[in-house]
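I have placed the structure first, in the form of structure tokens, so that the comments after it can refer back to it.
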Amino acid sequence: MYKLNTEEVIQKILTPKVHFPNAAFEQYQGMGMSSQRTRDRLIKRLITQGIENLEVLEVMRRTPRHLFLDEALASRSYEDVSLPIGFGQTISQPWVVAKMTAFLLEGEQRPQSVLEIGTGSGYQTAILAQLIEQVYTVERIEPLSCIAQERLARLKLDNIEFAISDGQWGWPKAEGVQFDAILSAAAPEAVPEALFEQLKEGGRLVIPVGGQSQAQRLMGYEKRQRGIKETCLGDVLFVPMQAGVVK
Ligand code: SAH
């Protein structure tokens, strides 16, 4: 198949008018430093940094990241950086969000369900909810989950289930449940066994691995009949995966 070059991808993504999934998205388009023009500049940067998945780029183009940050930081929403969201946590860097999401979508079968560990601001959740039918998201810090739930409701994204729980144990609400895809936004020293158990055969898991004092690697896994296939997607810096729940 013919592969588009960087310039062609930029044209293809940024030339059409933005297609909003519902009226709420249109309402939160923003202005000035959170305008469509500013968002488009970020998308262009992601493309030049090697993001090629057109669906992911389109969804990130229309999603108001500024809605997931405090007003004081809104002017920096479309920089390709992680930013503080309180409780010592951060909203993930856009390039990382794009890279992780694309990995999940590029498996052999299109995922219909995804488990996210670390809801945080809810931004990554909003991206997943526009691409995958059913999203399950776990956060250990209750106030963060509450704020994210409120923001995602404002965007009228209603295919998301929330849990306040320690995501090292996966989705807490059902025995034997399995997902087509799993994404973790918090870095454990080693991948918790529960996450492989809750992944369907043929499914993909993407997760940063490594402690705070050592380098972290963004790892992609695919569960095969005969074992796990792993790919390193790059060096990253995430907040650590921590145990227990904060009320
Ligand atoms: N995707 C989010 C990332 C937030 S940072 C965003 O872009 O906003 C990672 C999040 O993982 C933090 O909110 C942190 O509280 C959460 N986290 C850390 N360890 C966890 C665990 N064991 N279970 C659930 N969430 C966890």
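Quick look at the values:
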read-out: Residues (closer than 22 Å to I141 by Cα, touching a residue at least 40 places away in the same chain (Cβ under 8 Å) and exposed (fewer than 14 other Cβ atoms within 10 Å of the Cβ)) located in segment 54-70; value: none
read-out: Every pair of residues 6+ apart whose Cβ atoms lie under 9 Å, when the first sits in segment 1-23 and is over 22 Å from Q49 (Cβ atoms) while the second is of a type in the set (V, I, T) and modelled with pLDDT of 95 or more; value: P21/V59
read-out: Single residue of A72, A163, A98 found to be closer than 29 Å to M33 by Cα and over 16 Å from the mean Cα position of the chain (by Cα); value: A72
read-out: Subset of segment 1-23 (residues that are within 27 Å of D158 (Cα to Cα) and surrounded by 15 or more Cβ atoms within 10 Å (Cβ to Cβ)); value: I13, P21
read-out: Filtered residues of segment 137-158 (kept if more than 24 Å from G88 (Cβ to Cβ) and outside any loop (DSSP other than H, G, I, E, B)); value: A153, R154
read-out: Scope segment 197-217; condition within 16 Å of the ligand (Cβ to nearest atom) and over 20 Å from V135 (Cβ atoms); matching residues; value: V209, G210, G211, Q212, Q216
read-out: Selection from segment 70-81 of residues that are farther than 13 Å from S121 by Cα and part of a loop (DSSP other than H, G, I, E, B); value: Y78, E79, D80, V81
read-out: Some residue of segment 82-95 being assigned to a helix (DSSP H, G or I), crowded, with 18+ Cβ neighbours inside 10 Å and not assigned by TED's automatic domain parsing to the domain that holds Y28; value: yes
read-out: Candidate set from segment 138-179 (those that are more than 8 Å from the ligand (Cβ to nearest atom) and among the basic types (K, R)); member that is surrounded by the most Cβ atoms within 10 Å (Cβ to Cβ); value: R151
read-out: Yes/no for I182 being free of Cβ contacts under 8 Å to residues at least 60 places away in the same chain and either in contact with a Gly (Cβ under 8 Å, 6 or more places away or on another chain) or more than 9 Å from the ligand (Cβ to nearest atom) (or both); value: no
read-out: Qualifying residue in segment 38-53 (condition: touching a residue at least 40 places away in the same chain (Cβ under 8 Å), in a helix (DSSP H, G or I) and more than 22 Å from M100 (Cβ to Cβ)); value: yes
read-out: From L73, L83, L105, residue being of a type outside the set (D, E) and without any contact (Cβ under 8 Å) to a residue 12 or more places away in the chain; value: L73
read-out: Only one of K156, K200, K223, K229 that is closer than 30 Å to Q27 by Cα and over 15 Å from the mean Cα position of the chain (by Cα); value: K156
read-out: Search result, residues across segment 187-216 that are of a type in the set (D, E) and out of contact with any Gly (no Cβ under 8 Å at 6 or more places or on another chain); value: E193, E201
read-out: Residues of segment 225-247 satisfying the condition of being loosely packed, with under 11 Cβ neighbours inside 10 Å and more than 16 Å from the ligand (Cβ to nearest atom); value: Q225, R226, G227, C232
read-out: Conditions (1) at pLDDT 95 or above; (2) closer than 18 Å to R154 by Cα; number of the one not met by Q29; value: (1)
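The values are calculated or read from the model by the stated rules, or taken from the named source; none is laboratory data. Treat the numbers as computed from the prediction; the structure is a model and nothing was measured. Note that we place each Cβ from the backbone using ideal geometry, even for glycine, and neighbour counts take in every protein chain shown.
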